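The values are calculated or read from the model by the stated rules, or taken from the named source; none is laboratory data. Note that the structure is a prediction, hence the values are computed from the model and not measured. When we count neighbours, we look across all protein chains shown, and the Cβ atoms used for this are built from the backbone with ideal geometry, even at glycine. Heavy atoms of the whole protein, side chains included, go into the accessibility calculation; ligands, DNA and RNA do not. Shrake-Rupley method; radii C 1.70, N 1.55, O 1.52, S 1.80 Å.
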Amino acid sequence: MIGRSIQLPVAHSVNIHISQKGIVSVKDMNTHIVITGKKIGDVTIQVGKKKYNISVIGKKEFETYEQLLPLLQDKMGLKLKIIDHTPTIQGTLYRLSDWAELGKRLQTPSYFFHAQIDPPLIQQARSLILGKFKELNTPMVTLKFEPTPKVFVSKANSNIKKIARQYGIPIQTVSGLVEIEPMVEVNIFVAEVKKKEFLRYGIKWPSSYSANISPDLNLNSLNLTLNALDEKGDAKLLASPKLVCKSGSSAEFLAGGEIPIKVSGYTSNRVEWKTYGIKLNIKPKASWSGKMSIEVSTEVSNIDSSQTVDGVPGLLTNRMKSHFDMLQPQTIVLSGLIQNDVGRSSEGLPLLSKIPILGALFSSKDYRNNKTELVFFVTPRVIDIE
């Protein structure tokens, strides 16, 4: 180590030769010589006919070396060497717990883990390291064993460097490497639910739009609950789409239709399609640890034939937006999407009554008598990939 000294015994009047100046200083004390590290590097010292190969390493590397020595005593298949002035573990890893212990116990480590992974352990080792990256919400890295572990990233942030140091994994920066964002799966259940069942979810009967997180419902319990209610006649499942999108993008569900609108310009004419019905837009921002920030936008629109321009009908539209922060998958309950005076008679909305979901809803006697409500159960979760 730089600043650390060792002693070598020497005979009287023996010749001493140093292969490279500046790496160490040598002081002759007659019966022995004192060698002190001055800067990082390798040097050969020949004392008479004996040669000594000396490697000078930094303070952090030396502290790691001293920590590793006792830790590796009971680690089968692993051995410690100094390579390129860095403590390096070589050999073969036969027990995953040995590597996990090193990452947990080493303080401010500076070493490389260049041991091969026993093939039956590779998948478990991959899960261990990728799980550590996820805990710190890092971008998804590329981890390869070729045959020793190595991390490939487009840019290494402080959390990536922290995990790599703990487990001795070299980082290789690759220009243009695509960083994988978390994928979010959004499970949606659309149901007609009787008024008396709302209290089960901690929800008040909506006089207007309502968006809440249910404290008791997760994806599994929600599925079981809706099936049980359906069997008892207290709810009717109208649709159960599943959407998938990348963190930062959006997923959309539409129960409705489209109308063509002709747009005329100076040089060209074109047709634009406008949607109507119920539209649900989910925009998640997620971390690999499962935390999510969810923006939910809803839109209910219907063709208004009483308002036309050049024969094109207008649209009556009601838009709402809500925002939720989640530490884990939870169910968002949306209700009151359709105003109380809309849809109570299927005769008043001939177009909406013919489209999926709404057609079944408007034909329901309980809905027209204000005994049931259209409810959206939205459960997003981060898809775990490796």
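Show me, for region 38-47, the HN-Hα J-couplings you get by feeding each phi into the Karplus relation (A = 6.51, B = -1.76, C = 1.60, θ = phi - 60°), rounded to Hz, glycine and proline as x.
10, 8, 5, x, 10, 8, 10, 10, 9, 10
Using a 10 Å cut-off on Cβ atoms, rank the peptides 24-37, 99-112, 286-299 from the highest mean neighbour count down.
Ranking, from highest mean packing down: 286-299, 99-112, 24-37.
Any idea of the accessible area per residue across the chain, 1.4 Å probe, to the nearest Å²?
For the chain, the per-residue accessible area is 54 Å².
Given a 10 angstrom Cα cut-off, can you work out which residue in 86, 44, 275 is the most mobile in a GNM of the chain?
44
Skipping prolines and chain starts, which residues have an amide H placed within reach, meaning under 5 Å, of the one on residue 142, given they are 5 or more residues away or on another chain?
Those lying under 5 Å, H to H, from residue 142 are 152.
Would you mind checking 81/155; 161/285; 279/321; 81/150; 134/155 for any pair whose Cα atoms are more than 22 angstrom apart?
81/155; 161/285
First measure r as the distance between the Cβ atoms of residue 100 and residue 383, then evaluate 1/(1 + (r/R0)^6) with R0 = 25 Å and state the FRET efficiency to the nearest 0.05.
0.50
Quick one: among 323, 85, 17, which has the greatest mean-square fluctuation in a GNM of the chain with alpha-carbon springs under 10 angstrom?
Checking each option, the largest mean-square fluctuation is seen for 17.
With N set to the number of residues, divide the alpha-carbon radius of gyration of the chain by 2.2 N^0.38 Å and report two decimals.
That works out to 1.61 for the chain.
For the pair residue 261 and residue 11, how long in nm is the line joining their label points, each one 7 Å along Cα→Cβ?
It works out to 10.2 nm between the two label points.
Run the dipole for region 1-50 about the Cα centre, Lys and Arg Cβ at +1, Asp and Glu Cβ at -1, nothing else charged, and hand back the magnitude in debye, nearest 20.
So the magnitude is around 80 debye.
When only alpha-carbon atoms are used, what values of Rg and Dmax, in angstrom, describe region 217-302?
18.7, 61
Pop out the carbon and sulfur fraction of the accessible area of the chain as a percent, whole number, probe 1.4 Å.
With neighbouring chains kept in place, the figure for the chain is 49 percent.
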